[in-house]
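A.B. asks: This is the structure, below, for whatever I ask next.
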Amino acid sequence: AEYMGEYFKNKKKMRRITDQTQILIRRSSTTSTAFSENLKRLRSKYNSEIQSETVFDPHFKSVLSSIFDSSKGNRKLPFSGVPTFLATPHRPQTENDNFLDNLDIGILGIPMDLGVTNRPGARFGPRAVRDIERVGPYNHFLKVAPTMIKKIADIGDVPFRGRYNLVESLEDIETFIKRLKNKGVKPLSVGGDHSVTYPILKALGNEQSPIGLIHIDAHCDTGGAFDGTKFHHGGPMRLAVLDGCIDPKRTIQIGIRGSSEMIWEFSKDSGMTVIHIEDVTKNGVDWVIEQARKVVGDGPTYISFDVDGLDPSFCPGTGTPEVGGLTTREAQQIIRGLSGIHCVGGDVVELAPMYDSTTNSQLAAAQILFEILSIISVSPK
């Protein structure tokens, strides 16, 4: 009886194992069939040798049409040809300004660093950014390809009268930006040290119509005169306020840190909102975006990005690096969060490429340039 009991017990166990095995076989057969059918479908749909014929989303297909030669399926070589800002077409300057006709956004270089207080070299920033390839043309977060919705061109560099006179150079910048403004072209500039932002703001705003400012930097740049001059890269925002170009109560400074706090009293006294890097760390990027949008509101606003706002582990190629800054990802998130503001222009400044042999600094500057371009492109006005 004991033997027979054990026998039937084992027999029942074996039957369960057999049933489970058959279930697994059926599942395997079903999975194999599903795999084969999916593979067959994918091969049928995506086996074309022409890229544009294997993209079916209407939005993505329209983006690809601007990148690929539909007849051959070829894409422009990113490492070939004459480099321009973000691979935009180049428009040679003309004296009668017809090169600005039928243009929405002009990307320009400002190769001038006569205003630096520390390491020089930002005059080479525009050339270095032009040499960076494969940034853009599509912004996946904003779902926009700027060159598809706006007419954008690299319009060369500011034509300076000379290379030794800072005040004269600032005048040249203002004159050139006014040419763009008069033609309804929004400027997106690559510096150059941060003193170049002052004449840009002078050209875009005035006491009757001051503009707002989103300023991302390690430094407030609201210092006063020293060494016999008020014109330097440590004071452009102060000068812009005193000239009535920007509204300090519609100005926000983000990422501030370093050892020069004692010369930035003007920022808070004038009504600017100052967000130190510790505030960013404590409250997070979403909070920073909320504060920025609240400060500038719906009015015309300029975005100025100093690459030393980034931590030097991400961007050592600058004249006044400050440890403990923003990551490139945080910077991207902040700028992308500004989508929908009334953006009248922007700049990326203080890139000194010779201090970074890896070219990571140039890449970061080019990417930030593209992010600002995207914000200008989707601006409601």
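No lab work stands behind these numbers, since they all come straight from the coordinates. Small disclaimer: the values here were computed from a predicted structure and weren't measured. Reconstructed Cβ throughout: ideal geometry from the backbone, glycine too, with neighbour counts over all protein chains shown.
A.B. asks: Mind scanning Lys186/Lys381; Lys183/Lys294; Lys150/Lys183; Lys143/Lys181; Lys178/Lys202 and naming the pairs with a C-alpha gap bigger than 20 Å?
C.D. replies: Correct reply: Lys183/Lys294; Lys143/Lys181.
A.B. asks: Shape of region 219-301 from its Cα gyration tensor (a ≥ b ≥ c, root eigenvalues): rounded if a/c is under 1.5, otherwise prolate when a/b > b/c, or oblate?
C.D. replies: Oblate.
A.B. asks: Would you give the gap between the C-alpha center of region 133-156 and the C-alpha center of region 158-212, rounded to a whole Å?
C.D. replies: 23
A.B. asks: If you line up the long axis of helix 2-46 against the longest principal axis of the chain, both from Cα atoms, how many degrees apart are they, to the nearest 10?
C.D. replies: It works out to around 40 degrees.
A.B. asks: For Lys151, which aspartates and glutamates qualify as cross-link partners when the Cα separation must be under 12 Å and same-chain residues fewer than eight apart are set aside?
C.D. replies: By straight Cα distance, Lys151 reaches Asp101, Asp104.
A.B. asks: Under a Cβ-only charge scheme (Lys and Arg +1, Asp and Glu -1), can you give me the dipole magnitude of region 260-329 about the Cα centre, in debye to the nearest 20?
C.D. replies: My answer is approximately 220 debye.
A.B. asks: Please list the non-local residues whose amide H lies under 5 Å from the amide H of Asn139, H modeled 1.01 Å from N, same-chain partners needing a gap of 5 or more.
C.D. replies: Val144, Ala145
A.B. asks: In addition: Pick from Thr222, Thr94, Thr320 the residue whose mean-square fluctuation is largest in a GNM of the chain, springs joining Cα atoms under 10 Å.
C.D. replies: Thr94
A.B. asks: Expressed in nm², what is the orientationally averaged projection area of the convex hull enclosing the Cα positions of the chain?
C.D. replies: Computed as one quarter of the Cα hull surface, the answer is 28.7 nm².
A.B. asks: Given a 10 angstrom Cα cut-off, can you work out which residue in Met272, Met262, Met112 is the most mobile in a GNM of the chain?
C.D. replies: Residue with maximal mean-square fluctuation among Met272, Met262, Met112: Met262.
A.B. asks: Also, I was wondering about something else. Give me the angle, in degrees from 0 to 90, between the Cα long axis of helix 360-377 and the longest principal axis of the Cα atoms of the chain, rounded to the nearest 10.
C.D. replies: 90
A.B. asks: Can you work out ³J(HN,Hα) from phi for every residue in region 315-325, in order, using Karplus 6.51 cos²θ - 1.76 cosθ + 1.60 and θ = phi - 60°, giving whole Hz and x for Gly and Pro?
C.D. replies: For region 315-325, the Karplus-derived couplings read 8, x, x, 8, x, 10, x, 10, 5, x, x Hz, x marking Gly and Pro.
A.B. asks: By the gyration tensor of its Cα atoms, with a ≥ b ≥ c the square roots of the eigenvalues, what is the shape of region 141-277: rounded for a/c under 1.5, prolate for a/b over b/c, or oblate?
C.D. replies: Here region 141-277 falls in the oblate category.
A.B. asks: Report the label-to-label distance for Leu42 and Val323 in nanometres (one decimal), using points 7 Å from each Cα along the Cα→Cβ vector.
C.D. replies: 4.8
A.B. asks: Dipole size in debye (nearest 20) for region 80-190 around its Cα centre, Lys and Arg Cβ +1, Asp and Glu Cβ -1?
C.D. replies: Around 320 debye, computed over region 80-190.
A.B. asks: Moving on. At a 10 angstrom cut-off on C-beta neighbours, averaged per residue, how do the peptides 193-199, 361-367 rank from highest to lowest?
C.D. replies: Answer by packing, highest mean first, reads 193-199, 361-367.
A.B. asks: Which residue, Glu350, Glu95, Glu53, has the most motion in a Gaussian network model of the chain that connects Cα atoms within less than 10 Å?
C.D. replies: Glu95
A.B. asks: Suppose a student asked you for the relative contact order of region 252-361, using Cα pairs under 8 Å spaced at least 6 residues apart; what percent would you report?
C.D. replies: Computed over region 252-361, the figure is 29 percent.
A.B. asks: Averaging sequence separations of C-alpha pairs under 8 Å and six or more residues apart, then dividing by the length of the chain, give the relative contact order as a whole percent.
C.D. replies: Averaging sequence separation for qualifying contacts and normalising by length gives 16 percent for the chain.
A.B. asks: To continue, here is another question. Shape call for region 86-156 from the C-alpha gyration tensor, a ≥ b ≥ c root eigenvalues: rounded (a/c under 1.5), prolate (a/b greater than b/c) or oblate?
C.D. replies: It is oblate, given that a/c is not under 1.5 and a/b is not larger than b/c.
A.B. asks: Let me ask another. HN-Hα J couplings of region 57-66 from phi, Karplus 6.51/-1.76/1.60, θ = phi - 60°, integer Hz, Gly and Pro as x?
C.D. replies: Per residue, the Karplus-derived 3J(HN,Hα) values read 5, x, 5, 5, 5, 5, 5, 4, 4, 8 Hz.
A.B. asks: Rounded to the nearest 500, what is the chain's calculated 222 nm mean residue ellipticity when only DSSP H runs of at least 4 contribute -39500 (n - 2.57) each, over all residues?
C.D. replies: Mean residue ellipticity, 222 nm, calculated: -12000 deg cm²/dmol.
A.B. asks: Need the C-alpha centroid separation for region 217-231 versus region 63-114, integer Å.
C.D. replies: 35
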